[in-house]
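Participant: Questions regarding the structure given below will be posed in turn.
The values are calculated or read from the model by the stated rules, or taken from the named source; none is laboratory data. What you are looking at is a predicted structure, and each value in this text was computed from that prediction instead of being measured. With ideal geometry, Cβ positions are generated from the backbone for all residues, glycine too; neighbour counts draw on all protein chains shown. Calculation scope for accessible area: heavy atoms of the full protein, side chains included, ligands and nucleic acids excluded. Shrake-Rupley method; radii C 1.70, N 1.55, O 1.52, S 1.80 Å.
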Amino acid sequence: MPVNLSIKNAPEDIVERVRKRAKRNHRSLQGEVLAILDEATRLEERISLHEVMERNRALGVSTPDEATQWIREDRDRR
C-alpha cells in the first residue's frame, strides 16, 4: 500500500537542484524524489564478484591496470 511522505523546511537550493534533475530526467518533482529514494536504498544491495567482473567487461576494461586507472580518475573527480 503506498504511503504519503512529506519533507518539511526543505532548503530552496536543494529543491531547485532536484527540480533541475527532474526536468533532465523528464519526471515530476515527486517522481524524481521517489527515484532518488529508490536509488539510495538500492545502494545497500551487494553484488557478487561475478557481477563486478561482468560490469567491467561491459565497460571494456581489459587489464587490471586500466581498471585501477579508472578508479583513481573517479576518486579524483570527487
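Participant: Considering region 59-70 alone, what residues qualify as being surrounded by 10 or more Cβ atoms within 10 Å (Cβ to Cβ) and of a type outside the set (Ser, Thr, Tyr)?
Facilitator: Across region 59-70, the qualifying residues are 59, 61, 66, 67, 69, 70.
Participant: Determine, yes or no, whether residue 6 is of a type in the set (Gly, Ala, Ser), open to solvent by 60 Å² or more (accessible area, probe 1.4 Å) and at pLDDT 80 or above.
Facilitator: Details: of a type in the set (Gly, Ala, Ser): yes; open to solvent by 60 Å² or more (accessible area, probe 1.4 Å): yes; at pLDDT 80 or above: yes.
When the stated conditions are applied, residue 6 passes them.
Participant: Would you check which residues across region 1-17 are charged (D, E, K, R) and under 14 Å from residue 33 (Cβ atoms) and list them? I'd like the intermediate steps shown before the answer.
Facilitator: Applying the first criterion (charged (D, E, K, R)) to region 1-17 yields 8, 12-13, 16-17.
Passing the criteria: 8, 16, 17.
Participant: Counting only residues that are among the acidic types (Asp, Glu) and over 13 Å from the mean Cα position of the chain (by Cα), which one in region 13-43 is surrounded by the fewest Cβ atoms within 10 Å (Cβ to Cβ)?
Facilitator: Within region 13-43, the first condition is being among the acidic types (Asp, Glu), and the residues that meet it are 13, 16, 32, 38-39.
Filter once more, keeping what is over 13 Å from the mean Cα position of the chain (by Cα): 13, 16.
Numbers: 13: 8, 16: 10.
Only one residue tops the list, namely 13.
Participant: Same structure, new question: I need every pair where a residue in region 1-20 that is within 17 Å of residue 31 (Cβ to Cβ) has its Cβ under 6 Å from the Cβ of a residue that is surrounded by 10 or more Cβ atoms within 10 Å (Cβ to Cβ), sequence separation at least 6 or different chains.
Facilitator: 18/32; 19/29
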